[in-house]
Amino acid sequence: MTRSFIASLVVFAALFSVGSVQAQVSTTEADYYKIVTLPIPEGVVLEVGGMDVLPDGQLAVSTRRGEVWLVKNPSMIGPARPEFKRFAHGMHEALGLAYRDGMIYTSQRGELTRLKDIDGDGQADTYETVYSWPLEGNYHEYSYGPLIKPDGTMIVTLNLAWVGYGASLSKWRGWMLEITPDGEMTPIATGMRSPAGFGFNMEGDVFYGENQGDWIGSGYITHVEKGDFVGNPAGLRWTDLPGSPLSLKPEDVPDTGQPMVEIAPQVPELKMPAVWLPHTLMGVSTSDILADTTKGGFGPFEGQLFVGDQGQSRVMRVFLEKVNGVYQGAAFPFREGFSSGVLRMVWGKDSSMFVGMTSRGWGSTGPAPYGLQRLEWTGLMPFEVKSVEARPDGFELTFTKPVDKAIATDPASYHVEGFTYMYHSTYGSPITNQETAPVRGVEIAEDGLSARIAVDGLRKGYIHEFKLTSMRSEEGDPLLHDVAYYTLNEIPDGPKMTVAAPAKPAKPTAERAETEAAVSQPKRMTEMPASWTDGPDATITISTQPGLQFDLPAFDVQAGSKLKLVFNNDDDMMHNLLIVEPGAADKVGEQAIALGLAGPNQSYIPEMDEVLFHTVLLEPDFIEAIYFTVSTEPGEYQYVCSFPGHSFTMRGVMRVVER
């Protein structure tokens, strides 16, 4: 695999262990799923907000600029290029679109709108308000949808405002609403912070995707039913309004930092996520949800969900099952390398996946400001973990190809680790309660397509990471993706495997404990050294700006001088700042990604000589000052945010010059 290809994927290593990255030399995601870019005409700013495919095969696209475009021949069949025609304009940030019965519906900032083309000329003649909702004018008050149910009822979701924390400044913000074609509204559920994506599974149940923030330790998808409270308490301020299916109030939700599974018994309305998408390991900003309804036209994952991620320009895969009446399942890596932030996905008539993208103000690892691409299955079968299902004493994994039984029967081929996140008003969460879950027994099916494993230390409500770096197919191929994350909400009843007695867990050595206690501390001084009697020679303040950028692209400082560097994270996502050796930013960023589960607890700061000085990972609106003596060696030292995916755009240069 070439260096340029690795760079184009940007955060490729976030999905794999170091060993699995090496295994990708002979096979890549592009061998199985090809990304095709649709050319967008000059002058068309296609910041995709919503998409749907019309009965005649045209692709309807709404944009953040308040336009709707119709794209003819979007699958680029034959020599003809796609043709773009503007259907509607003059709206306010249309972040969703759906077609039904000859009409196009879209959610603007403040209303659900119905667009009609009465004379058949391909342009909307009427813009009808189906239902409107109030706004306070906060930039973060996004509105999404609609998702149309079989009976014609439409579902929309309303984002919280951002005022240093998620706030429901106007009525029903943080809620999911159902709206009839006649404009009758019913509030369904609340607890949503940034519900940018939602969709049906194969059974017709509604799931929504959430983004990390206050009360949200990591992204996840949740099955939503009427009366659910799904996590963020801000929207509960409206539960005394007529029609609310809840009476819970914000003060009824404990802010203790305990895991969500420990709070749920105290708050019966609290709905646990069906599947967690571990932050940075799977994505950073969950977007659309799309069930595979292609009946095998898109590969071996029929019936599963595909989940987009805007910040890391990727699509993930989710297998769902119901245990004791509760949804749970596994999240897998699927495809990276999209040109901008993935926001919307929809199936084309040819079973390819259209992917609509945007990044303005939100930032994404894909460098383009917007884009429209198509994902095609090449017809080749990847060697993947197809599904993970819960068993009374562990799990059963199925594969897309028969495994090498000699490898697969060895318990050492499976590494399972459980962890979760803190549930609190603080923005995000470190990984917490992390423990290895030893694999004590394995049974392989006769056809080699499944492996049942007995696992000690199963914990309800926890995420279980699987690492299968040594797994091989019968032909000797490594897994295309050797990690999976299973959310275990319920443990099923049934017979258990016969296995050996559990081994005692190994205790960490004193040497390891000392190492963990001393991670990078000499490189971060937050108090001015007592020897600096005259104070620092210079003070530099660096803040952020939209699009994953520092506001100061470069600064000069004298060699050997005493420097106070103030990092002000005035963004709405987490960042750190590392001073690194000249030319080391790429290497440091890649190693930060490779930290995996250890990353959050280390502020995504790898232990390497190239890292000279650093802040910790700062939450939004936090500031940290560090003090250090600048190198006596002149040169262009880089500073970089090493949060996974940020390092490729969020960097600057500290020019050390001779006195």
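The table below gives the values:
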| item | result |
| --- | --- |
| Calculated FRET value between GLU446 and LYS349, using beta carbons and R₀ = 35 Å, to 0.05 | 0.30 |
| Tail beyond 38 Å, pair distance distribution of the chain (Cα, percent) | 35 percent |
| Sites MET381 and LYS149 - FRET efficiency at Förster radius 25 Å, r taken between beta-carbons, to 0.05 | 0.10 |
| Label point 7 Å beyond Cα of HIS89 along Cβ direction - residues of the range 96-122 with amide nitrogen under 18 Å | 115-117, 121-122 |
| Cut-off under 5 Å, modelled amide H: who pairs with SER543 long-range | ASP551, LEU552, ASN568 |
| Residue pairs, from the table LYS562/LYS587; LYS322/LYS496; LYS34/LYS226; LYS271/LYS587, whose Cα atoms sit over 31 Å apart | LYS34/LYS226; LYS271/LYS587 |
| Spin-label pair THR436/TYR139, simplified geometry with 7 Å Cα→Cβ offset, distance in nm | 4.6 nm |
| Electrostatic dipole magnitude of the chain [Cβ: Lys, Arg +1; Asp, Glu -1; Cα centre; debye, to 20] | 340 debye |
| Per-peptide average of other Cβ atoms within 10 Å, ordering 97-108, 75-86, 191-202 highest first | 191-202, 97-108, 75-86 |
| Cβ-based charge dipole, the chain, positive-most Cα from ALA80, VAL61, ALA598 | ALA80 |
| Length gained when the stretch ALA554-LYS496 is fully extended (0.36 nm per residue, less Cα-Cα span) | 14.8 nm |
| Relative contact order for the range 525-657, counting Cα pairs under 8 Å that sit 6 or more residues apart, in percent | 36 percent |
| FRET efficiency estimate (nearest 0.05) - Cβ-Cβ, ARG659 to LEU54, R0 56 angstrom | 0.25 |
| Greater than 22 Å apart at Cα, pairs in LYS85/LYS295; LYS523/LYS564; LYS85/LYS349 | LYS85/LYS295 |
| Sorted largest first, extent of the range 218-263 alpha carbons per principal axis (Å) | 32, 24, 15 |
| Percent RCO, i.e. relative contact order, over the chain, from Cα pairs under 8 Å lying at least 6 residues apart | 11 percent |
| Relative contact order (%) - criterion: Cα under 8 Å, at least six apart; region: the range 205-273 | 29 percent |
| Gain in span if fully extended, THR632 to ARG360, counting 0.36 nm per residue against the direct Cα distance | 94.0 nm |
| Net +/- balance of residues flanking GLY599 in space, Cβ distance below 13 Å, scoring K and R +1, D and E -1 | -3 |
| Inter-probe distance in nm under a simple model that places probes 7 Å from Cα toward Cβ, at LYS116 and ASN73 | 3.3 nm |
| Cα-based convex hull volume of the range 525-657 per residue, rounded to whole Å³ | 98 Å³ |
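Quick note: the coordinates plus some simple rules give every number you see, no bench work behind them. Everything quoted here is computed from the prediction, not taken from an experiment. No Cβ is skipped: glycine too gets one built from the backbone with ideal geometry, and neighbour counts run over all protein chains shown.
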